[in-house]
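Shown next, in C-alpha cells, is the structure this report addresses.
What follows is calculated from the coordinates using simple rules that are stated; it is not laboratory data. Everything numeric here is computed off the predicted structure, so don't read it as measured data. For neighbour counting, all protein chains shown are included, and Cβ atoms are generated from backbone atoms with ideal geometry for every residue, glycine included.
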Amino acid sequence: MSHTGIAGSVAVVTGAGSGIGRSVAAALARRGATVAAVDVDPAHAARTAADLARCGHRGRGYACDVTDPAEVDHLLGAVEQDLGPVDVVVNAAGVLRTGSALDCTDRDWQALFAVNATGVFTVSRAAARRMLPRRRGCIVTVASNAAGVPRADMAAYAASKAAAVAFTKSLGLELAPHGIRCNVVSPGSTDTPMLRGMRPEGYDEAAVVAGDPDRHRIGIPLGRVAQPEDIAEAVCFLVSPAARHITMHDLYVDGGASLR
C-alpha cells in the first residue's frame with residue numbers, strides 16, 4: 001500500500017497525547033504532514049508536539065475538550081490560522097469505562113457518549129464545514145471492534161463506539177458528492193494505557209490473545225496484541241490517495257478477533 005500524497009497536508013489528530021492518537025500523529029508527521037496534536041490535557045498535547053519537533057517534523061500542540069462545540073470551533077479556526085487549511089482529521093480521542101450494563105452509572109454512560117460519540121460529531125462537523133467549500137478532505141474515526149461484536153462488561157462503551165461508526169458513515173454519504181471521504185478504523189485489543197488500565201491486577205498479554213470462552217470471547221487468531229503503530233498504519237492508508245476510492249468503510253484491525 002502506498003502512503004504517498006500525505007506530505008504537505010495539514011492533519012488534526014484528537015487524543016494525540018497518548019496511545020493510538022499519539023502513534024497516528026507520529027505516523028502522519030513521518031510522512032510529511034503538519035500535525036495539530038490535540039488533547040484535553042495541554043501538557044500531553046505539548047509533549048507530543050515537542051516529540052515531533054525533536055524528530056524534525058512539523059507540528060503544534062493544542063488543548064481542546066472535544067465535547068465542547070465552542071472549543072472545537074475555536075480549535076479548527078486556530079489550526080487553520082496557524083498551520084493552513086485542514087486536509088485530514090483523525091478522531092482518536094476516547095475514554096473507556098467497563099462493568100456490567102446493570103451496574104453502569106448514568107455518569108459513566110454520559111462520559112462515554114460525550115467523548116466517544118459527541119466528540120466525533122463536534123470535531124467532524126467543524127472540520128467538514130471547512131472542507132466543504134474546498135471540496136477535499138479526509139475524516140477517519142478510530143472506533144472499536146466492540147462496536148460490532150458484543151462484549152461482556154463493555155455495553156456502554158460499545159454503544160458509544162457504535163454511535164460514532166454510524167455517524168461517520170452517514171457523514172461520509174453526505175460528503176461523498178463533494179469529494180470528502182469519511183472512514184472508520186476499528187481496533188481490537190491494542191497495547192495502550194487504556195488496555196492496561198482495564199486490568200489493574202496486571203496486564204497478561206497471553207490471556208488477551210487466548211480469549212475467554214466463559215465470556216464468549218474468542219482469542220486473537222494472529223496470536224498477538226496490536227501495537228498502536230498497527231492502527232496508525234491503517235489510518236495513514238485511509239487518508240492517503242491510495243484509498244481515494246474508499247469511503248464509508250469500517251476497517252477492522254484486530255488480528256481476526258471479530259472473525260470478520
Helix 155-175 sits off the longest principal axis of the Cα atoms of the chain, rounded to the nearest 10 on a 0 to 90 degree scale, by 30
Plugging the Cβ-Cβ distance of residue 244 and residue 198 into 1/(1 + (r/R0)^6) at R0 = 35 Å yields, to the nearest 0.05, a FRET efficiency of 0.45
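With charges set only on the Cβ (+1 for Lys and Arg, -1 for Asp and Glu), what does the dipole of the chain come to about its Cα centre, in debye to the nearest 20? Don't skip to the answer; put the middle values down first.
Working: 26 positive and 26 negative charges, 190 e Å.
Dipole magnitude for the chain comes out near 920 debye.
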The FRET efficiency for residue 58 and residue 81, from their Cβ-Cβ distance with R0 = 22 Å and rounded to 0.05, is 0.90
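What is the percent of Cα-Cα separations in the stretch 10-253 that go past 24 Å? Display every interim value, and only then the final one.
Numbers: 12582 of 29646 pairs.
So the pairs more than 24 Å apart make up 42 percent of the total in the stretch 10-253.
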Projecting the Cα atoms of 79, 96, 133 onto the charge dipole of the stretch 36-181, where Lys and Arg contribute +1 and Asp and Glu -1 at Cβ, the residue farthest towards the positive end is 133
If one compares the long axis through the Cα atoms of helix 228-239 with the longest principal axis of the Cα atoms of the chain, the angle in degrees, nearest 10, works out at 50
With label points set 7 Å from each Cα along the Cα-to-Cβ direction at residue 259 and residue 134, the distance between them in nm comes to 4.4
Whole-Å distance linking the alpha carbon centroid of the stretch 205-221 with that of the stretch 1-48 is 31
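So what's the net charge close to residue 122: Lys and Arg +1, Asp and Glu -1, counting the other residues with Cβ under 14 Å from its Cβ?
Residues close to residue 122 contribute a combined charge of -1.
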Over all Cα pairs of the stretch 123-216, the Kirkwood radius sets Rh, and Rg/Rh then becomes 1.11
Measuring from the longest principal axis of the C-alpha atoms of the chain, the long axis of helix 42-54 (C-alpha) lies at a number of degrees, nearest 10, equal to 70
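Subtract the Cα-Cα distance of residue 216 and residue 173 from 0.36 nm times their separation in residues, and report this length gain in nm to one decimal.
On the way: separation 43, 0.36 × 43 = 15.48 nm, distance 3.42 nm.
Gain on extension, residue 216 to residue 173, equals 12.1 nm.
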Quick calc, the stretch 202-248, dipole around Cα centre from Cβ unit charges on Lys, Arg (+) and Asp, Glu (-), nearest 20 debye, gives 240
Rounded to the nearest 5, the percent of DSSP beta bridges in the chain running antiparallel is 5
